[in-house]
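The values are calculated or read from the model by the stated rules, or taken from the named source; none is laboratory data. For clarity, every value in this text was computed on a predicted model and none was experimentally measured. With ideal geometry, Cβ positions are generated from the backbone for all residues, glycine too; neighbour counts draw on all protein chains shown.
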């Protein structure tokens, strides 16, 4: 059973919980660490009980144990890129997320290339934040829509998740989804495959595929996972997509 030892305390993973990961808060703010601990309680994420000063000391991370470094960008307004590179060299298999009130689209490409796997806004609600870091641990790239699709279009550097037919279309404000598209988007949000969606809505799988492609274009994302995250962010209390 993989384990990790940090400052004499050992974490042992539960092999029955595939979402288990140790979260190391890289920050200078004890309140933020406590907030992460509260938000991630009752999840597969275990928050390390001390903040991590990314420059003077780093925890020992077992290569077999899933680990996530969450960097508070406000704590490292300068030197963030060097910090990311140091974390990557120290724990190559760990995932890295940057957390901030806002991100400058002009500086994101450099940080992205340094090795960050996701960008999360501190304004996210609990469910969106948890889903975001879950996607990161599953190998997905997570960026706020304003970064993925800035006003001028997709960032030129970001080609890792482009669709085969080129950059995705510029996001429009308040995409007008048909009632059928809204239904299908709700299924995407819940992770349902096309076969299940087709059966539930009495449609052919081919028809569902066409609707999914249209939805991706309308909401300005390039895959089903990003559509699910978009739907989670833009869902009203009555369950209808905004």
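Can you confirm whether the stretch 78-87 contains a residue that is out of contact with any helix residue (DSSP H, G or I) (no Cβ under 9 Å at 6 or more places or on another chain) and modelled with pLDDT under 85? Checking the stretch 78-87: at least one residue is out of contact with any helix residue (DSSP H, G or I) (no Cβ under 9 Å at 6 or more places or on another chain) and modelled with pLDDT under 85.
Looking at residue 93, is it assigned by TED's automatic domain parsing to the domain that holds residue 114, touching a residue at least 24 places away in the same chain (Cβ under 8 Å), surrounded by fewer than 16 Cβ atoms within 10 Å (Cβ to Cβ) and within 18 Å of the chain's Cα centre (by Cα)? Criteria met by residue 93.
For the stretch 195-220, the set of residues classified as within 14 Å of residue 178 (Cβ to Cβ) and not in a loop (DSSP other than H, G, I, E, B) consists of 201, 207, 208, 210, 211, 212, 213, 214, 215, 217, 218, 219, listed by residue number. For the criterion of being touching a helix residue (DSSP H, G or I) at 6+ places or on another chain (Cβ under 8 Å), touching a residue at least 24 places away in the same chain (Cβ under 8 Å) and under 19 Å from residue 131 (Cβ atoms), residue 58 fails.
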